[in-house]
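The values are calculated or read from the model by the stated rules, or taken from the named source; none is laboratory data. Keep in mind the model is a prediction, meaning the values are calculated, not measured. Virtual Cβ from ideal backbone geometry, glycine too; neighbours counted across all protein chains shown. Quick note on the areas: whole protein, heavy atoms, side chains included, nothing else; ligands and nucleic acids left out. Shrake-Rupley method; radii C 1.70, N 1.55, O 1.52, S 1.80 Å.
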Amino acid sequence: MTEIHTPTPRDAFDLLMAGNQRFVAGTAEHPNQDAARRSETAPSQQPFAVLFGCSDSRLAAEIIFDRGLGDLFVVRTAGHVAGTEVLGSIEFGVSVLGAPLVVVLGHDSCGAVAAACSALRDGKTPSGFVRDVVERVTPSVLAARAAGRESAEEILAEHIEHTVDLLLERSRVLADAVTEGWTAVVGLSYRLADGSARLVATRGLDAAATAAL
């Protein structure tokens, strides 16, 4: 497998999706998971993507995208809800580590999305800080319904796209990187049953590819 030392946003996206295709097909190569890679990355890191995903135990990023040590800078929260710590972590991955791609990864049967739908239906929200997670997902559910998108798949896609836009709205660092063509932000929807990741939102990927020409 050919690795790209200085990937463009499009290179990084293609590299990520190629790994997912191997995972789905059952032909994973497990790259960059040996002692040599461990020694290589010990002094510093240069991940080719920042992956902001749901904390669900079935969404282990390096496994489902068939990657290894030093490849992905991973940030995860339940329902991929974004607070200041998340924004700071993503900005670090882009501005300090130089990652050319940011990925928002959601998945079907997401407990946070289901809880938000249930809260709107029944008028009851969970206690503790779980309530904060549910409240941050609720605007996505409301937006989906306002647009006539009622199915679980449609609501999930809306939540992923909402998160992509939220990152760009709240982070000037990230927005500028996308505008300048250095970084792209994409949203992927993962299917638990077959392991496939489907593109549902993209911001700057095509523009970044054009700027690199």
- Would you mind getting me the FRET efficiency between E40 and R170? Use the beta-carbon distance for r and R0 = 25 Å, nearest 0.05. 0.15
- Residue farthest toward the positive end of the dipole of the range 45-124, with Cβ of Lys/Arg at +1 and Asp/Glu at -1: which of G79, G123, L101? G123
- Note on the structure: Residue-ordered couplings for the range 75-90, obtained by feeding phi - 60° into the Karplus form 6.51 cos²θ - 1.76 cosθ + 1.60 and rounding to whole Hz (Gly and Pro as x), are 10, 9, 9, 4, x, 6, 8, 10, x, 5, 5, 5, 4, x, 5, 5
- Message: Output the 0 to 90 degree angle, nearest 10, between the alpha-carbon long axis of helix 9-25 and the longest principal axis computed from the alpha carbons of the chain.
- Response: 80
- Assuming R0 = 22 Å, can you tell me the calculated FRET efficiency for the pair L120 and A147, based on Cβ-Cβ distance, to the nearest 0.05? 0.90
- Amide H partners (placed H, <5 Å) of A184, local residues excluded: L101, V102
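Roughly how many Å² is the accessible area per residue of the range 1-84, as a whole number, for a 1.4 Å probe?
49
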- Task: Check each of the trypsin sites (Lys or Arg not before Pro) in the range 166-195 and keep only those in coil by DSSP with at most 15 other C-beta atoms within 10 angstrom; list them in order.
- Result: R191
- About its Cα centre, what dipole magnitude does the chain give when the only charges are +1 on Lys and Arg Cβ and -1 on Asp and Glu Cβ, stated in debye to the nearest 20? 400
- Given the rule -39500 (n - 2.57) for each run of at least 4 DSSP H residues, summed and divided by the residues of the chain, what is its mean residue ellipticity at 222 nm, to the nearest 500 deg cm²/dmol? -14000 deg cm²/dmol
- Within the range 91-133, which trypsin sites (Lys or Arg not before Pro) sit in a loop by DSSP and count at most 11 neighbouring Cβ atoms inside 10 Å? K124
- Message: Accessible area of the range 77-131 with a 1.4 Å probe: how many percent of it is carbon plus sulfur?
- Response: 58
- T41, T6, T84, reordered so the largest accessible area comes first (probe 1.4 Å): T6, T84, T41
- Task: Note the angle between two axes, namely the Cα long axis of helix 130-146 and the longest principal axis of the Cα atoms of the chain, as a number of degrees from 0 to 90, rounded to the nearest 10.
- Result: 80
- For A201, which sequence-distant residues (separation of 5 or more, or a different chain) have an amide H within less than 5 Å of its own amide H, given hydrogens modelled in the peptide plane? G187
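With r defined as the distance between the Cβ atoms of F129 and T84 and R0 fixed at 22 Å, what FRET efficiency is calculated, to the nearest 0.05?
It comes to 0.90.
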